[in-house]
Amino acid sequence: QGQLVESGGGLVQAGGSLGLTCKASGIILSTFWSSAKNWYRQTPGKQRELVATITSSGDTNYADSVKGRFTISRDNSRRTIYLQMNSLKPEDTAVYYCNLQGSTDYWGQGTQVTVSS
């Protein structure tokens, strides 16, 4: 079965940066190429939030709260999705999940990002 695994989370001071990586396995390359890719985040007591999207053509969209600070990218040949997070704020603290959109949605297990003030 296909799966996604996130890595790169951790503890960082406000104003710092972190880069998240999501590696896909068990997913054929054509499926990965054609799928939109997303990063979500979820904080205890708060609903899941769509943070960033990259389409199969490479177009990106971001939540207003992260626009200008976060960058989503992907390497299709490596079946990898990235989220570069700069100028981090305590409000960015959450578990971050990567996601592939399709007839079957794939989700990672999440990686914790904690931003201290």
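The values are calculated or read from the model by the stated rules, or taken from the named source; none is laboratory data. Predicted model only: the values in this text are computed from it and were never measured. Neighbour counts run over all protein chains shown; Cβ positions are idealised from the backbone, glycine included. We work out accessible area using only protein heavy atoms, side chains counted, and drop any ligands, DNA or RNA first. Shrake-Rupley method; radii C 1.70, N 1.55, O 1.52, S 1.80 Å.
For a paramagnetic label modelled on Gln42 (point 7 Å from Cα along Cα→Cβ), amide N atoms under 20 Å away belong, within the range 70-88, to 83. Evaluating 6.51 cos²θ - 1.76 cosθ + 1.60 at θ = phi - 60° for every residue in the range 35-42, the Karplus couplings come out as 8, 5, 10, 9, 10, 10, 9, 9 Hz, glycine and proline recorded as x. A simple charge model with +1 on the Cβ of Lys and Arg, -1 on the Cβ of Asp and Glu and nothing else charged puts the dipole of the range 28-82 at about 180 debye relative to its Cα centre. For the range 44-112, the list of trypsin sites (Lys or Arg not before Pro) that fall in a loop by DSSP and count at most 16 other C-beta atoms within 10 angstrom reads Lys46, Arg48, Lys67, Arg69. Identify all lysines with a Cα-Cα distance to Lys67 below 21 Å; exclude those on the same chain that are fewer than 8 residues away in sequence. Answer for Lys67, where 21 Å is the Cα cut-off: Lys37, Lys46, Lys89, listed by chain and number. Maximal additional length on extending the Gln84-Gln101 stretch stands at 4.1 nm, based on 0.36 nm per residue less the C-alpha distance. Accessible area per residue (1.4 Å probe, heavy atoms of protein chains only) ranks Asp105, Asp92, Asp75 as Asp105, Asp75, Asp92, with the largest value leading.
Centre-to-centre separation between the Cα atoms of the range 102-116 and those of the range 1-41: 7 Å. Charge tally around Arg41: other residues with Cβ under 10 Å, Lys/Arg +1 each, Asp/Glu -1 each, net 0.
Let me check against my output: what whole-number percent is the relative contact order of the chain, with C-alpha pairs under 8 Å and at least 6 apart?
Here the relative contact order equals 36 percent.
Our summary of shape: the Cα atoms of the chain have principal axis extents of 42, 26, 24 Å, ordered from largest down, in whole angstrom.
Using r as the Cβ-Cβ distance of Ser30 and Ser116, and R0 as 41 Å, what FRET efficiency do you calculate, to the nearest 0.05? Between Ser30 and Ser116 the formula returns 0.45.
Between rounded, prolate and oblate, where does the range 50-117 land on the alpha carbon gyration tensor, with a ≥ b ≥ c its root eigenvalues, rounded for a/c under 1.5, else prolate if a/b exceeds b/c? Prolate, because a/c is 1.5 or more and a/b exceeds b/c. Counting each DSSP H run of 4 or more residues in the chain as -39500 (n - 2.57), what helix-only mean residue ellipticity at 222 nm follows after dividing by all residues, to the nearest 500 deg cm²/dmol? Mean residue ellipticity, 222 nm, calculated: -1000 deg cm²/dmol. Here r is the Cβ-Cβ distance between Leu11 and Asp75 and R0 is 22 Å; the resulting FRET efficiency, rounded to 0.05, is 0.25. Around the Cα centre of the chain, unit charges on the Cβ atoms of Lys, Arg, Asp and Glu (plus for the first two, minus for the last two) sum to a dipole of about 120 debye.
What the phi angles of the range 97-102 give under the Karplus curve with 6.51, -1.76 and 1.60, with θ = phi - 60°, is a coupling list of 10, 9, 8, 10, 8, x Hz, glycine and proline written as x.
Straight-line cross-link partners of Lys23 among the aspartates and glutamates, defined as a Cα under 17 Å from its Cα and at least 8 positions apart when in the same chain: Glu6, Asp75, Asp105.
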